[in-house]
1. Under a point spin-label approximation (7 Å from Cα along Cα-to-Cβ), what is the residue 31-residue 269 distance to one decimal in nm?
2. Among DSSP beta bridges lying fully in the chain, give the percent that are antiparallel, nearest 5.
3. If I fit a long axis through the Cα atoms of helix 12-26 and take the longest principal axis of the Cα atoms of the chain, what angle between them do I get, 0 to 90°, rounded to 10?
4. I need the P(r) histogram for the stretch 146-235: all alpha carbon pairs, bin width 10 Å from 0 out to the longest distance, whole percents.
5. If I take every Cα pair under 8 Å that is 6 or more residues apart in the stretch 26-136, average their sequence separation and divide by the length, what percent do I get for the relative contact order?
6. For residue 17, give me every one of the aspartates and glutamates with a C-alpha distance below 18 angstrom, ignoring sequence neighbours fewer than eight places off in its own chain.
7. Rounded, prolate or oblate for the stretch 13-158? Axes are the square roots of the Cα gyration tensor eigenvalues, ordered a ≥ b ≥ c, and the cut-off for rounded is a/c under 1.5.
8. State the answer as a single residue: which of 96, 276, 48 lies farthest towards the positive end of the charge dipole of the chain, with beta carbon charges of +1 for Lys and Arg and -1 for Asp and Glu, about the Cα centre.
Amino acid sequence: SDKLEKRPMLLEEQVNKNIANYKEQVGKIIDIKRAEFRFNGDWLSKLTLKETANLAESFSVGQMLRRRNFSERFKKDEEISVREFLYPLMQGYDSVAVKADVELGGFDQLFNLHAGRVIQRYYGQKEQDIMTCAMLEGTDGRKMSTSWGNVINISDEPNDMFGKIMSIRDELISKYFLLCTDVEEAEIRKIVSNIKSKKLNPRDAKLRLAKEIVFIYHGGKAAQKAEENFMSLFSKKDMTVDIPTLEIKNHEKIAVANLPIITKVTASRSEARRLVEQGGLQINEVTKSGSKELVSLKSGDILKIGKRHFFRIIVKK
């Protein structure tokens, strides 16, 4: 993707794990029994130094630096490794290896997609057509990033997916309807018009949106159940609804800042500490803002993390 910071190297073990996850996710959209999966390590690992040098002849340093993320980092005097310049070349060579007719990608991938055309031409192949789609921002309006906690995954459980969609910024409603649902464009325009004229509450539009999206990935029954759970949790404050549980040891004292990590709501300690200090964690509707505070939880306690994550405590004896 169009990274705004140095791209980390992944270990082969992590790459293989990611592949398994991607297969599972794409299987929600296409029939993977009819799809052919190719692994670019099969051909990239065989590239010689001479072949790599020949690929590098296809682009100048100036062209690379005109790419948006590289130019921004260059202006800020931030580090850009030569390895990062190789990425679009390797992706472009993928198109040669599979003899691609068409390559799809997000708008941020335009440079890399174009690299495929350039390198196909170098190898005497017919240039692929390329098709980009608009970027879908995360719940807070920024680019989706796991480190920012604003990602909606297609592998999310129905309740979590529904809750995340309900938390998106109002100005993203139209884009989410357009990019993530099968609702007709004319109806989407009507929804947006009704929101602007205050005939429709944005919250009600999001309820429709969330149900439409959950239906696509989990089916009608799951979408209906997710809506009912959301209404119970957030509208009626009904804690008898089925919510995830968190098991802890008897008499165990836990630092408040560890709870977002234990529940996997946040990925890092700094993010968890920031969430707590900003008042984003409650136990039985009591805000706990001291990240170093130790708490003793009992069975039946309700833990709320952020706006949409609820857990019922179970103490193991």
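1. Result for the modelled spin labels: 5.1 nm.
2. 55 percent
3. The angle comes out at about 70 degrees.
4. Going out from 0 Å in 10 Å bins, the stretch 146-235 shows 17, 50, 30, 3 percent.
5. Here the relative contact order equals 22 percent.
6. Within the straight-line cut-off, residue 17 pairs with 42, 156.
7. oblate
8. Working it through, the farthest residue towards the positive pole turns out to be 276.
All of the numbers you see were taken from the coordinates with simple rules; none came from a lab. Keep in mind it's a predicted model, so treat the numbers as computed, not measured. In this analysis, Cβ positions are derived from the backbone assuming ideal geometry, glycine residues included, and neighbour counts consider all displayed protein chains.
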